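This report refers to the structure that appears directly beneath it.
The values are calculated or read from the model by the stated rules, or taken from the named source; none is laboratory data. Every value quoted in this text rests on a predicted model; they were computed, and no experiment measured them. Here the Cβ positions follow ideal geometry from the backbone for every residue, glycine too, while neighbour counts run over all protein chains shown. Accessible surface is based on the protein model in full, side chains and every heavy atom, while ligands, DNA and RNA are left aside. Shrake-Rupley method; radii C 1.70, N 1.55, O 1.52, S 1.80 Å.
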Amino acid sequence: MKFFIDTADLAQIKEANELGILDGVTTNPSLMAKVGIKSEAGVLKHYETICEMVDGDVSAEVISTSFNEIIEEGKKLAAIHPNIVVKVPMIRDGVKALKWFSDNGIKTNCTLIFSAGQAILAAKAGANYVSPFIGRIDDSAWDGVQLIAQIAHIYQLQGFKTEILAASIRSALHIVKCAEAGADVCTCPLESILGLLKHPLTDIGLAKFMDDAKKMKEQMVPVK
Ligand code: E4P
């Protein structure tokens with residue numbers, strides 16, 4: 001399973017990248033707004049900076065909702081860097097645009113996926129990734145991980161090549177459950193990735209090893 005970080009914050013991207021486990025980045029308009037980007041040129045520059053930092057796919061979301069505008073915006077985004085993946089919403093014109101991008105060699109991520117039917121449509125249109133929003137599904141008392149498992153089952157049966165990118169991750173447990181359910185990628189906030197590190201027995205075990213190593217050193221006879 002690939003690990004993407006779900007942020008537009010450069011410091012967090014750098015920190016995740018330094019762990020050596022990062023395969024890509026996803027952003028959305030809310031995440032871009034959060035880092036205070038104020039112009040279209042600023043958006044393009046920010047994506048370029050991210051692409052220079054990380055060796056992997058970088059999802060850049062269109063903010064247009066009509067076919068022609070999605071195509072024009074997507075072409076501009078794709079021209080920034082070969083690693084840009086154009087993120088397109090699951091709407092009627094979005095599906096048409098996914099097909100156009102697929103026919104024209106531009107990689108896509110279909111976002112705002114909340115049902116298996118939407119995931120089938122995106123795969124049929126040639127999306128490289130689909131992004132089921134598992135946290136938002138759980139927030140409504142439905143089962144986001146179950147949707148990942150259902151899409152994985154359908155894609156395997158039908159031979160779809162579209163990768164399942166589990167999005168809207170809220171915890172380290174979500175990552176584990178998505179891996180179990182067959183997600184190809186998890187895009188996560190930094191704290192969920194770092195949450196995977198945590199186990200109290202690791203801390204207790206390390207403290208004991210360090211203590212015993214210290215005692216051993218104290219007893220060592222210096223070599224002459
Ligand atoms: C990523 O591609 C999605 O836009 C993102 O994971 C949504 O996460 P949220 O539900 O926490 O906003």
* To do: Output the residue which, of all residues in the range 4-36 that are in a helix (DSSP H, G or I) and acidic (Asp, Glu), is least open to solvent (accessible area, probe 1.4 Å).
  => Glu15
* Asked: Restricting attention to the range 120-156, which residues are small (Gly, Ala, Ser) and in contact (Cβ under 8 Å) with a residue 60 or more places away in the chain?
  -> Ser131
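Identify all residues within the range 67-76 that are in contact with an Asp or Glu (Cβ under 9 Å, 6 or more places away or on another chain) and open to solvent by 40 Å² or more (accessible area, probe 1.4 Å); write none if there are none.
Going through the range 67-76, the residues in contact with an Asp or Glu (Cβ under 9 Å, 6 or more places away or on another chain) turn out to be 67-70, 76.
Phe67, Asn68, Glu69, Lys76 - these are the residues of the range 67-76 that are in contact with an Asp or Glu (Cβ under 9 Å, 6 or more places away or on another chain) and open to solvent by 40 Å² or more (accessible area, probe 1.4 Å).
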* Quick one: in the range 19-33, which of the residues that are more than 11 Å from the ligand (Cβ to nearest atom) and among the hydrophobic types (A, V, I, L, M, F, W, C) is nearest to the chain's Cα centre (by Cα)? -> Leu22
